[in-house]
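Read the structure below first, then the notes.
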Amino acid sequence: GENVEQHPSTLSVQEGDSAVIKCTYSDSASNYFPWYKQELGKRPQLIIDIRSNVGEKKDQRIAVTLNKTAKHFSLHITETQPEDSAVYFCAASRAQGGSEKLVFGKGTKLTVNP
Amino acid sequence: NAGVTQTPKFQVLKTGQSMTLQCAQDMNHNSMYWYRQDPGMGLRLIYYSASEGTTDKGEVPNGYNVSRLNKREFSLRLESAAPSQTSVYFCATGTGELFFGEGSRLTVL
């Protein structure tokens, strides 16, 4: 089955700096790669996703890049703000019978210091 | 329009007791999922249901059973709870983007 590795497990940056979180996946048939943000005590929420027919996607201060050959994808957050502090999870899946069985990485705790 | 609703939010059990976590969604999605979240382990899929009447195992199904009661409801049952099942449980629904419930914190003593 799919295996998703995520690095680093913790990341501390100064406000205004950039943050990069990297993930690798094992199943070459995976074609959907979302990123979720989970604030303390809250539910995970989707912040950006990318499908395998696209190499890069950007939404304001966040972007995701995908390298299918190397089987890795990354989350980039620019101009970080204290409210970006949270745990971020990458995930991978391939649609199976109408459902997307997401396999998650173990998460990265991002701390943005004011 | 509540999205995904889970009950209970908190539960303490003794080893060997049974309980059922309830989940209901009003988003009209076919797929529903149960995940557990443990510190440093991310979210691990327990069971999922691609449509009403179907269920399938995820990464960590042992010790759990599920029922897809109808399109809206998907329950998770622990028949004989063990301390290793102490966790936060999330129900989710969606195709592509997953929408999660608020979570159920379960402690097994």
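Coordinate-derived values only; no laboratory data. Everything numeric in this text was worked out from a predicted model, so none of it was measured. Here Cβ is always computed from backbone atoms with ideal geometry, including for glycine, and neighbour counts include all displayed protein chains.
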Could you name the lysines whose alpha carbon sits less than 28 Å from that of A:Lys58, not counting residues in the same chain fewer than 8 places away?
A:Lys22, A:Lys37, A:Lys42, A:Lys68, A:Lys71, A:Lys101, A:Lys106, A:Lys109
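Can you tell me how segment B:1-47 classifies by the Cα gyration tensor, rounded, prolate or oblate, using a/c under 1.5 as the rounded cut? Don't skip to the end; give the middle numbers.
Values: a/c = 2.15, a/b = 1.40, b/c = 1.54.
Because a/c hits 1.5 or more and a/b fails to exceed b/c, segment B:1-47 counts as oblate.
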Rounded, prolate or oblate, given the Cα gyration tensor of segment A:1-79, with a/c below 1.5 counting as rounded?
prolate
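Only counting other Cβ atoms within 10 Å, I'd like A:Asp84, B:Asp38 sorted with the fewest neighbours first. Mind showing how you got there, number by number?
Working: A:Asp84 19, B:Asp38 14.
Least crowded to most crowded, the residues run B:Asp38, A:Asp84.
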So for chain B, considering every pair of alpha-carbon atoms, how many percent are separated by more than 20 Å?
32 percent
